[in-house]
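One structure is given here, and the rest of the page talks about it.
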Amino acid sequence: MRQSRLFTHTSKNVPTDADSVNAKLLTQAGFVHQEMAGVYSWLPLGLRVLHKVENIIRDELDKLGAQEILMSALQPKENWDTTGRWDSVDVLFKIPSQTGKVYGLGPTHEEIVTPLVKTFLNSYKDLPIAVYQIQSKFRDELRAKSGVLRGREFGMKDLYSFHASTEDLDTYYSKVLETYLTIFSRCGLNAKVVEASGGSFSKKFSHEFQVLTPAGEDKILTSETGTFAQNTEIATLKEGDKNPENGEKLELKTGIEVGNIFDLGTKFSDAFDVAFTDEKGERKTAVMGCYGIGTTRLVGTIVEASHDDKGMIWPVSVAPFHVHLVGLKSKDAAVQSRIDSTAKEMYDGLWSEGVEVLWDDREGVSPGEKFADADLIGLPLRLVVSEKTLKEDSVEWKARNESAAKLVKTQDVIEQIKGMMK
């Protein structure tokens, strides 16, 4: 992509209502555009990141044998009446129709997936069933805040599993837990598995996945090493107590919840009478699990966890482009021609090798502005072609997460970038 043709552009102005780092940087860098409180449009750079996050999730869930579907966002009131949640879920958008009916705008999808699976479930041989979707959700939050971390419209991956026995659900639950850790690691995040309240569901505990950062809303008891952590809302220990896992002192930390998993038991399958015939010919109720990841929230969390005072620092795996190629101007026309041809050759060569490049070919923009924009956008690597680098048959190489730049021979750039991307 040539930056001169990029639909969006950066801004020096900080949004007046930006109450978080992700709200400030994603907007300034032209990744998202706020339409109203809690509602964002995703622009080309931001959408590339979001798609990469979603594809990592798809890759890992497909390995689990889960199948992707897409359920209706507009949901019948009757289904919510069946579960008794039409009047108890306070964030549910209720949409009146000119036909006289009222619909729900999906904040979650238990009311759709459960009767859907019932349609196709007959025998124990049909189980287990695991289906997931990636879709926009809608929640009538009283106070949307923290940029894309808490909105009224947001992206969500929800996975639902149906099992013949609690034992089979427990086995699958453990597999999903490990898969989630892999997903977050691939997105460049170190997530902790946190014991949390099971809420209205059947188990005493569910599990959250928290990324420790000051931008979070949740208070977590944990220690420097190890995996043990508890949400303070259900904590059996207190700050200063010993970690039962390794004896370290527990500290109070702030985290962003990026995912959660629940054992639903038969709460929803009872409501919709989702049953099957077992090996003995007896009728049994299926047990369910649900597993969520906020996809747009995950993008915001990456920004909160990986930035500096100049801008964002994207992990290679989810960066909108791998390389920011910057061409500088020369007063000498012949030198300028060489700069342009070298940059064009490098741009084409990198793309042909599968390296995604954003080429800052903008006219009339100073080197300082180009470098500031590169830092703000935060691609993993910046390459500069200039009169100075041409004299050395090189380009200036600067990783976004490093302070020092170096010269790398032009013919060595592609191989070194391939090494960086492994």
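Odds and ends about this structure:
- Selection status of ARG143, surrounded by fewer than 20 Cβ atoms within 10 Å (Cβ to Cβ), basic (Lys, Arg) and in contact (Cβ under 8 Å) with a residue 40 or more places away in the chain: no
- Boolean, GLY30 is buried (at least 17 other Cβ atoms within 10 Å of the Cβ), at pLDDT 95 or above and in a loop (DSSP other than H, G, I, E, B): yes
- Qualifying residues in the stretch 33-58 (those that are charged (D, E, K, R) and part of a helix (DSSP H, G or I)) - the one nearest to ALA374 (Cα to Cα): ARG48
- When GLU402 is tested against (1) assigned to a loop (DSSP other than H, G, I, E, B); (2) surrounded by 13 or more Cβ atoms within 10 Å (Cβ to Cβ); (3) under 30 Å from the mean Cα position of the chain (by Cα), just one condition goes unmet, and that condition is (2).
- Answer from ASP340, ASP360 - the residue that is of a type in the set (Asp, Glu) and surrounded by 18 or more Cβ atoms within 10 Å (Cβ to Cβ): ASP360
- Every residue from the stretch 115-134 that is more than 19 Å from LEU264 (Cβ to Cβ) and in contact with a Gly (Cβ under 8 Å, 6 or more places away or on another chain): ILE134
- Any hit, the stretch 390-398, residues being more than 29 Å from the chain's Cα centre (by Cα), assigned to a helix (DSSP H, G or I), farther than 20 Å from PRO320 by Cβ and at pLDDT 95 or above: yes
- Residues (in contact with a helix residue (DSSP H, G or I) (Cβ under 6 Å, 6 or more places away or on another chain) and surrounded by 21 or more Cβ atoms within 10 Å (Cβ to Cβ)) located in the stretch 89-128: GLY104, GLU110, GLU111, THR114
- Out of VAL194, VAL176, one residue alone is in a strand (DSSP E or B) and under 19 Å from the mean Cα position of the chain (by Cα). It is VAL194.
- Some residue of the stretch 330-349 being under 27 Å from ALA23 (Cβ atoms) and either in contact with a Leu (Cβ under 7 Å, 6 or more places away or on another chain) or not assigned by TED's automatic domain parsing to the domain that holds ASP19 (or both): no
- Hits in the stretch 2-24 - residues which are aliphatic (A, V, I, L, M) and under 13 Å from LYS145 (Cα atoms): ALA18, VAL21, ALA23
- For the stretch 371-395, the set of residues classified as among the basic types (Lys, Arg) and surrounded by fewer than 20 Cβ atoms within 10 Å (Cβ to Cβ) consists of LYS388, LYS391, listed by residue number.
- Per this entry, ASP241 is not counted among residues that are touching a Gly at 6+ places or on another chain (Cβ under 9 Å) and farther than 14 Å from ILE261 by Cβ.
- Scanning the stretch 407-422 for residues that are surrounded by 11 or more Cβ atoms within 10 Å (Cβ to Cβ) and either among the β-branched types (Val, Ile, Thr) or not in a helix (DSSP H, G or I) (or both) gives LEU407, VAL408, LYS409, THR410, VAL413, ILE414, ILE417.
- Taking the criterion of being under 20 Å from GLY289 (Cβ atoms) and in contact (Cβ under 8 Å) with a residue 12 or more places away in the chain, the residues of the stretch 124-140 that qualify are TYR124, ASP126, LEU127, PRO128, ILE129, ALA130, VAL131, TYR132, GLN133, ILE134, GLN135, LYS137.
- In the set LEU50, LEU64, only one residue is over 17 Å from the mean Cα position of the chain (by Cα), over 17 Å from LYS101 (Cα atoms) and either exposed (fewer than 14 other Cβ atoms within 10 Å of the Cβ) or not acidic (Asp, Glu) (or both); that residue is LEU64.
- Any hit, the stretch 241-255, residues being in the same structural domain as GLY151 (by TED's automatic domain parsing), touching a helix residue (DSSP H, G or I) at 6+ places or on another chain (Cβ under 8 Å) and either surrounded by 17 or more Cβ atoms within 10 Å (Cβ to Cβ) or part of a strand (DSSP E or B) (or both): yes
The values are calculated or read from the model by the stated rules, or taken from the named source; none is laboratory data. Remember, predicted model here, so these are calculated numbers, not experimental data. Please note: Cβ atoms are built from the backbone with ideal geometry, for glycine as well, and neighbour counts cover all protein chains shown.
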